[in-house]
Amino acid sequence: MGEKVLIVADDLTGALDSAVGFAAAGRTVRVARHPEGAARVWSEGCDVLAVNTGSREVPTDLAYARVSEALNGLNPKDFNIIIKKVDSRLKGHVGAETEVLLAWSGAEKVVAAPAIPTMGRLVKDGALTGAGVDQPIPVSDRFTSSVTVPDVGSDTDLDRIVETNRGALWVGARGLTFALARASGVSAPETGALRDPVMIANGSRDPVTTAQITAVEVIAPVLHAPNGVLLGDPSPDGPVILSIAQGDEIISGAQAAAQFAQSVLACVRRCEPASLLICGGESAQAALDLLGVESLQVISELRPGLPLCEVEAPWGPLKIVTKSGGFGDTALLREVLQNAQEKL
């Protein structure tokens, strides 16, 4: 388990979700939330470094620049495994960002395997297909350099691909990173748990998360924040559930996210939770900025797709979980909250 690993991801939830595959006893897995912080986090000591470049939705030239900035001050010889983590439906600047890593690493081969078999997302005849993919997506079309695109129908396929392509520059999602972790001797991460009191901050308007918040209201009151602005003060007793809502005024998504982050900060300072679960990648980034959290140590998974991190807050250890807006079944948040309360 001595491999040193670099993961470059274009969003925060992806960086966390891929890095957690390497979390194991005796291993330090850290995520730099901004590209300019990557070299500093690495210099402080870790076995696995994941970097969020926040580049999926920006213009191509800026994405290229952010990946370059993330690599500035790092030495490719320090890493046994280098991974370009991409969206499993190949959104964003997959080709341009891979080119930066290819030039920096000096790798002779690029293997692109974006499949996540456990989610029903596969690669067949060189195209991404399966759950959530309306039409097959030819993988090689996303790249300018030559890439190897093996078919993937199972985790066993991924394990074989990893074994037969040692030393490659890897391009993929959660399925690939977990296969690389297994090949490094790391089994599936342990299932963690939240400590009470718990705060849930939902900044996502995705229908999946909206349904999850509705299900939570059966067991705990929900504070709604129109356009991100909290109305009233949260009670420090019991769980705090804060959820963004539609306001009367039409504002930009960025403005609503900024206002919601301020509301999260106010609630955290008042209630001093032991655990904070944030729904929505942009909301997580904005809230963690205000909380002054520049990097996260990944320790386990709350459940698949919910990486569990820990930071030191002014009032003590704080567990942090991030959840993408469209992830999970309707009962997810309610079950997470109930499990934390049962461990009291």
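Worth pointing out:
- LYS124 meets all of the listed conditions (1) at pLDDT 95 or above; (2) of a type outside the set (Gly, Ala, Ser); (3) open to solvent by 40 Å² or more (accessible area, probe 1.4 Å); (4) under 22 Å from TYR64 (Cβ atoms) but one, namely (4).
- From the list ALA179, ALA183, ALA173, ALA168, the one residue that fits, being under 23 Å from ALA15 (Cβ atoms), open to solvent by 30 Å² or more (accessible area, probe 1.4 Å) and not acidic (Asp, Glu), is ALA183.
- With respect to being open to solvent by less than 10 Å² (accessible area, probe 1.4 Å), of a type in the set (A, V, I, L, M) and under 19 Å from the mean Cα position of the chain (by Cα), ILE299 falls outside the description.
- Tally of residues being in contact (Cβ under 8 Å) with a residue 24 or more places away in the chain and surrounded by fewer than 24 Cβ atoms within 10 Å (Cβ to Cβ) across the stretch 14-31: 5
- Residues located in the stretch 320-344, provided they are open to solvent by less than 60 Å² (accessible area, probe 1.4 Å) and part of a helix (DSSP H, G or I): LEU332, LEU333, VAL336, LEU337, ALA340
- Tally, over the stretch 40-65, of residues that are open to solvent by 30 Å² or more (accessible area, probe 1.4 Å) and hydrophobic (A, V, I, L, M, F, W, C): 3
- Matching option when the condition is part of a strand (DSSP E or B) and of a type outside the set (S, T, N, Q), among ALA261, ALA181, ALA225: ALA225
- Of the listed requirements (1) in contact with an Asp or Glu (Cβ under 6 Å, 6 or more places away or on another chain); (2) more than 12 Å from ILE200 (Cβ to Cβ), GLU310 misses just one: (1).
- Checking VAL139 against (1) within 19 Å of the chain's Cα centre (by Cα); (2) crowded, with 18+ Cβ neighbours inside 10 Å, the condition it does not meet: (1)
- Residue list for the stretch 127-136, filter: part of a strand (DSSP E or B), touching a Leu at 6+ places or on another chain (Cβ under 9 Å), surrounded by fewer than 22 Cβ atoms within 10 Å (Cβ to Cβ) and of a type outside the set (Ser, Thr, Tyr): GLY130
- The stretch 1-30 - residue that is under 18 Å from GLN285 (Cα atoms) and of a type in the set (D, E, K, R) and, of those, nearest to the chain's Cα centre (by Cα): ASP17
- With respect to the conditions (1) in contact with a Leu (Cβ under 9 Å, 6 or more places away or on another chain); (2) open to solvent by less than 70 Å² (accessible area, probe 1.4 Å); (3) modelled with pLDDT of 90 or more, PRO317 falls short on a single one, namely (1).
- Within the stretch 104-121, the set of residues being in contact with a helix residue (DSSP H, G or I) (Cβ under 9 Å, 6 or more places away or on another chain) and either open to solvent by 10 Å² or more (accessible area, probe 1.4 Å) or closer than 21 Å to PRO304 by Cβ (or both) comprises TRP104, SER105, GLY106, ALA107, ALA113, PRO114, ALA115, ILE116, PRO117, THR118, MET119, ARG121.
- Among the residues of the stretch 77-95, not one is surrounded by 24 or more Cβ atoms within 10 Å (Cβ to Cβ) and either without any contact (Cβ under 8 Å) to a residue 60 or more places away in the chain or more than 16 Å from ASN52 (Cα to Cα) (or both).
- Only listed residue being among the charged types (D, E, K, R), within 30 Å of PRO76 (Cβ to Cβ) and surrounded by fewer than 16 Cβ atoms within 10 Å (Cβ to Cβ), chosen from GLU217, GLU163, GLU272: GLU163
- Condition met for GLN255 (assigned to a helix (DSSP H, G or I), open to solvent by 10 Å² or more (accessible area, probe 1.4 Å), at pLDDT below 90 and farther than 19 Å from VAL336 by Cα): yes
- Enumeration of residues in the stretch 191-208 that are out of contact with any helix residue (DSSP H, G or I) (no Cβ under 8 Å at 6 or more places or on another chain) and surrounded by 17 or more Cβ atoms within 10 Å (Cβ to Cβ): GLY192, VAL208
The values are calculated or read from the model by the stated rules, or taken from the named source; none is laboratory data. Computed from a predicted structure; not experimentally measured. Note that each Cβ is placed from the backbone with ideal geometry, even for glycine, and that neighbours are counted across all protein chains shown. Quick note on the areas: whole protein, heavy atoms, side chains included, nothing else; ligands and nucleic acids left out. Shrake-Rupley method; radii C 1.70, N 1.55, O 1.52, S 1.80 Å.
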